[in-house]
Amino acid sequence: MRRLIYAMLLLCCATSCMTNKELAYMQNDRYNTTTPTSVANSSKPYKLQPNDVLSVKVQSEQPELSNLFNIVDPSSSMAFGGPSALYMTGYNIDELGNITLPTIGKLKVSGLTTSETQDLIQQNLNKYLVGTTVIVKLLSFKVSVLGGVRNPGYYYVYNEQANLLEGLSLAGDLTQAGDRKRVKLIRQTTGGSEVIMLDLTDPNLVQSPYYYLMPNDVIYVDPLRTSLKRDNLVVVTALLGIVSTGVLLLNYFR
């Protein structure tokens, strides 16, 4: 019995060790401290969709003109109402892809980028007001991060060029139990959902078309298999300890 227990303890120690290959991101022997490694990548600008929420601000030397459009300052709404208050402070894109603005009325913005939407509103606003500047921001850019991360949850992103690593950093990075080679990205499309498996240890990660995040992306980190084996082995070892204690007690009373 003692030999069996010793063997299980040794096996437990062996399986609990993690290597650099399991934990390091973007592994590449060509990386060095003197010459940067260039990698070509490109991000596609996000096209607005129904149910997106926009911040439309009009800047003018005449405050009364700006107040016609600016419902509430988004920064103050975040301080007092949290992310849910964004829906009260922005312009929602309806099912037909339109937003409704004071004076201007309805504008079709679905399928446009925020820059294109900004130009469209500016062109229409110039018909009514002079000396104003329009600023459009996407308020409803959020991602969900689940699985083997330190702080799972959903997070609002204030950068339309945010990438996968930034999304994971919002959740406090992966735990040691998270599998760096098996990170699922679930993306909503017009035809439904698509799932892609990404490998954080692959140096070509930044070249993936899924490297840059899109609104409503879900990131799920699979558990590391060695971690599961280690956890299971701890349970087995505990059970063996209970059994061995029982055997010793029986021998003692005999």
Only residues that are farther than 12 Å from residue 221 by Cβ, open to solvent by 20 Å² or more (accessible area, probe 1.4 Å) and outside any strand (DSSP E or B): list them for the stretch 153-184, please. 158, 159, 160, 161, 165, 166, 169, 170
Scan the stretch 190-202 residue by residue and report those that are open to solvent by 30 Å² or more (accessible area, probe 1.4 Å), outside any loop (DSSP other than H, G, I, E, B) and not small (Gly, Ala, Ser). 194, 195, 196, 197
For the stretch 102-160, which residues satisfy the criterion of being within 29 Å of the chain's Cα centre (by Cα) and small (Gly, Ala, Ser)? 110, 111, 115, 140, 144, 147, 148, 153
Open to solvent by 40 Å² or more (accessible area, probe 1.4 Å), at pLDDT 70 or above, under 23 Å from the mean Cα position of the chain (by Cα) and of a type outside the set (Ser, Thr, Tyr), is that true of residue 47? yes
Considering only the stretch 21-34, I want to know if a residue exists there that is basic (Lys, Arg) and either under 23 Å from the mean Cα position of the chain (by Cα) or modelled with pLDDT under 90 (or both). yes
Mind checking which pairs have a first residue in the stretch 171-199 that is on the phi > 0 side of the Ramachandran plot and a second that is exposed (fewer than 13 other Cβ atoms within 10 Å of the Cβ), Cβ under 7 Å, 6 or more apart or different chains? 172/150; 172/151; 173/150
Quick one: is residue 187 open to solvent by 60 Å² or more (accessible area, probe 1.4 Å) and more than 14 Å from residue 54 (Cβ to Cβ)? no
Pick from the stretch 102-136 the residues that are open to solvent by less than 20 Å² (accessible area, probe 1.4 Å) and in contact with a Ser or Thr (Cβ under 7 Å, 6 or more places away or on another chain): which of them is nearest to residue 52 (Cα to Cα)? 109
It is to be established whether one or more residues within the stretch 234-250 are modelled with pLDDT of 95 or more and open to solvent by 50 Å² or more (accessible area, probe 1.4 Å). no
Would you check which residues across the stretch 110-152 are of a type outside the set (Gly, Ala, Ser), part of a loop (DSSP other than H, G, I, E, B) and either without any contact (Cβ under 8 Å) to a residue 24 or more places away in the chain or within 13 Å of residue 215 (Cβ to Cβ) (or both) and list them? 113, 126, 127, 130, 139, 141, 151, 152
I'm checking my understanding of the structure. Among residues of the stretch 180-198 that are out of contact with any helix residue (DSSP H, G or I) (no Cβ under 7 Å at 6 or more places or on another chain) and of a type in the set (D, E, K, R), which one is nearest to residue 28 (Cα to Cα)? 181
Flag if residue 71 is surrounded by 13 or more Cβ atoms within 10 Å (Cβ to Cβ), modelled with pLDDT under 70, more than 32 Å from the chain's Cα centre (by Cα) and not in a strand (DSSP E or B): no
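The values are calculated or read from the model by the stated rules, or taken from the named source; none is laboratory data. On a predicted model such as this, the values are computed, not experimentally measured, just so you know. Note that each Cβ is placed from the backbone with ideal geometry, even for glycine, and that neighbours are counted across all protein chains shown. Note: areas computed on protein heavy atoms with side chains; ligands, DNA, RNA excluded. Shrake-Rupley method; radii C 1.70, N 1.55, O 1.52, S 1.80 Å.
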